[in-house]
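Colleague: Pasting a structure here, questions to come.
The values are calculated or read from the model by the stated rules, or taken from the named source; none is laboratory data. Keep in mind the model is a prediction, meaning the values are calculated, not measured. Here the Cβ is made from the backbone with ideal geometry for all residues, glycine too, and neighbour counts use every protein chain on show.
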Amino acid sequence: MKISFPYMGTSHIVISYLLEQLGHEVIYPPVPTKKTLSLGVQYSPEFACLPFKILMGTYLEAVEKGADTILTSGGCGPCRAGYYGELHKRILHDMGYNVDMIVLEPPLVSPLDFFRQSHKLIKKRGWINLARVFRIAWRKLQALDDLESTLHKLRPLALSKKQITQVYEDGLELIRQANSVKEVDEARDEALTNLQQVPADHSFTPLRVGLIGEIYVVLEPFANHDIEKILGDMGVYVHRSIFLMNWTKNNALTHGEEGEKDIRTAAIPYLNQLIGGHGQNSVGEVVRYAEKGFDGVIQLAPFTCIPEIVAKSIMPAVSRDKGIPVLTLFLDEQTGKAGITTRLEAFLDLMKEKRRIKQEVS
């Protein structure tokens, strides 16, 4: 089996480790680029969302490199993402690529199907080996999230943005190379120490912005034009509502009923039912960020994403009631970095003025 998978943030570090340790030949897809997106746009339905098109292009690049199997995640509820694996498979087959698509659905939603699909990956080395490998992979997931969250706090303070970015990338490599729980912990500690040693102005008080929206465009830098880095370089502290660890626990393992209950409770006065994707979460997160005193919220949404469109229509009411500005950025293949940067600069000016007025009043 020559297996590949899509990129989503730093998840490739954990997924590739799992697959290699289970005895598979991993075909690394190229990091998504304009070529990837162009391929995806060419062979995707016109009104498919940006994540669908990026994944389509990624799969085409992977099969050209020799992949005969693709691992991806499924979904449930009123969102098209749950059908993406099957639709991608049909498009690839229509193009003459006889690819096996392993779609992992949330285990608590469809346990029998999850077992059947997982067995395709695990049978080479057995379930006992999986327990050992999964423990290490899980620790890597935790370490990656710790590293990212620390980067978000320190980047706006760093005197050299280029230096802290390089130190962060070096830390990712340390975690990638770790092959035991002890090594992962040591790599994490070393990476965090190195980040904290980058010269910084700790007297500076940055604007605080919450980042919410659909999971793929929030986590994948190519999809959002590296918005976290843009904001960090502008001196803004970005707090992302979604990390790999909490998404895995709340959606893949527990189907979101426990871990996200408080977020959904916060959304109920404005949106009292699930609408698919992260739509209800987006509304609830704005409420929570306002309660925590954040200066603003940025919603990232793929163009044509119905759950985020519904959430966006509710944002003006939440923004007015909670006194927090919200900027929505819809993303597709026509979106450019320059346009996003211009809108971010204007949003930052708005937040700075709002903070200045608040300080004068108090």
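Colleague: Looking at this structure, is Val109 at pLDDT below 80 and not aromatic (Phe, Trp, Tyr)?
Modeller: yes
Colleague: Tell me, which residue of segment 88-104 that is farther than 23 Å from Gly23 by Cβ and free of Cβ contacts under 8 Å to residues at least 40 places away in the same chain is surrounded by the most Cβ atoms within 10 Å (Cβ to Cβ)?
Modeller: His88
Colleague: Given (1) more than 22 Å from the chain's Cα centre (by Cα); (2) modelled with pLDDT of 95 or more, identify the lone condition not met by Thr58.
Modeller: Tallying (1) more than 22 Å from the chain's Cα centre (by Cα); (2) modelled with pLDDT of 95 or more, Thr58 fails exactly one: (1).
Here's the yes/no breakdown for (1) touching a Cys at 6+ places or on another chain (Cβ under 9 Å); (2) without any contact (Cβ under 8 Å) to a residue 24 or more places away in the chain:
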{"position": "Pro307", "(1), (2)": "yes, no"}
{"position": "Thr328", "(1), (2)": "no, no"}
{"position": "Asp332", "(1), (2)": "yes, no"}
{"position": "Arg356", "(1), (2)": "no, yes"}
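Colleague: From the list Leu39, Leu19, exactly one residue is buried (at least 19 other Cβ atoms within 10 Å of the Cβ) and farther than 20 Å from Ser73 by Cα. Which is it?
Modeller: Leu39
Colleague: Going by the conditions given, is Ser160 touching a Cys at 6+ places or on another chain (Cβ under 9 Å) and surrounded by fewer than 19 Cβ atoms within 10 Å (Cβ to Cβ)?
Modeller: No: the conditions fail for Ser160.
Colleague: Do you know which residues across segment 106-117 are surrounded by 16 or more Cβ atoms within 10 Å (Cβ to Cβ) and either among the hydroxyl-bearing types (Ser, Thr, Tyr) or under 23 Å from the mean Cα position of the chain (by Cα) (or both)?
Modeller: Selection gives Pro106, Pro107, Val109, Phe114.
Colleague: Check segment 40-53 and report whether any residue there is assigned to a helix (DSSP H, G or I), farther than 17 Å from Glu220 by Cα, of a type in the set (D, E, K, R) and modelled with pLDDT of 95 or more.
Modeller: Scanning segment 40-53, I find no residue that is assigned to a helix (DSSP H, G or I), farther than 17 Å from Glu220 by Cα, of a type in the set (D, E, K, R) and modelled with pLDDT of 95 or more, so the answer is no.
Colleague: Right, another one. Do we find that Ile27 is in contact with a Ser or Thr (Cβ under 6 Å, 6 or more places away or on another chain) and at negative phi in this structure?
Modeller: Considered against the rule, which asks whether it is in contact with a Ser or Thr (Cβ under 6 Å, 6 or more places away or on another chain) and at negative phi, Ile27 comes out as yes.
Colleague: Give segment 42-57 a look and list any residue that's in contact with a Cys (Cβ under 9 Å, 6 or more places away or on another chain) and surrounded by fewer than 24 Cβ atoms within 10 Å (Cβ to Cβ), or say none.
Modeller: Of everything in segment 42-57, just one residue is in contact with a Cys (Cβ under 9 Å, 6 or more places away or on another chain) and surrounded by fewer than 24 Cβ atoms within 10 Å (Cβ to Cβ), namely Pro51.
Colleague: Shifting gears a bit: Counting just the residues of segment 121-147 that are without any contact (Cβ under 8 Å) to a residue 40 or more places away in the chain and assigned to a helix (DSSP H, G or I), which one comes out surrounded by the most Cβ atoms within 10 Å (Cβ to Cβ)?
Modeller: Once the filter is applied, the top-ranked residue is Trp138.
Colleague: Then there is this: Restricting attention to segment 83-103, which residues are among the β-branched types (Val, Ile, Thr) and either touching an Asp or Glu at 6+ places or on another chain (Cβ under 6 Å) or over 14 Å from Leu55 (Cα atoms) (or both)?
Modeller: Across segment 83-103, the qualifying residues are Val99, Ile102.
Colleague: Another question, then. Hydrophobic (A, V, I, L, M, F, W, C), touching a Gly at 6+ places or on another chain (Cβ under 6 Å) and at pLDDT 95 or above - does that describe any residue in segment 209-224?
Modeller: Scanning segment 209-224, I find at least one residue that is hydrophobic (A, V, I, L, M, F, W, C), touching a Gly at 6+ places or on another chain (Cβ under 6 Å) and at pLDDT 95 or above, so the answer is yes.
Colleague: Could you tell me which numbered condition Val103 fails, if it satisfies all but one of (1) within 20 Å of the chain's Cα centre (by Cα); (2) not assigned by TED's automatic domain parsing to the domain that holds Gly66?
Modeller: If we test Val103 against (1) within 20 Å of the chain's Cα centre (by Cα); (2) not assigned by TED's automatic domain parsing to the domain that holds Gly66, just (2) comes out false.
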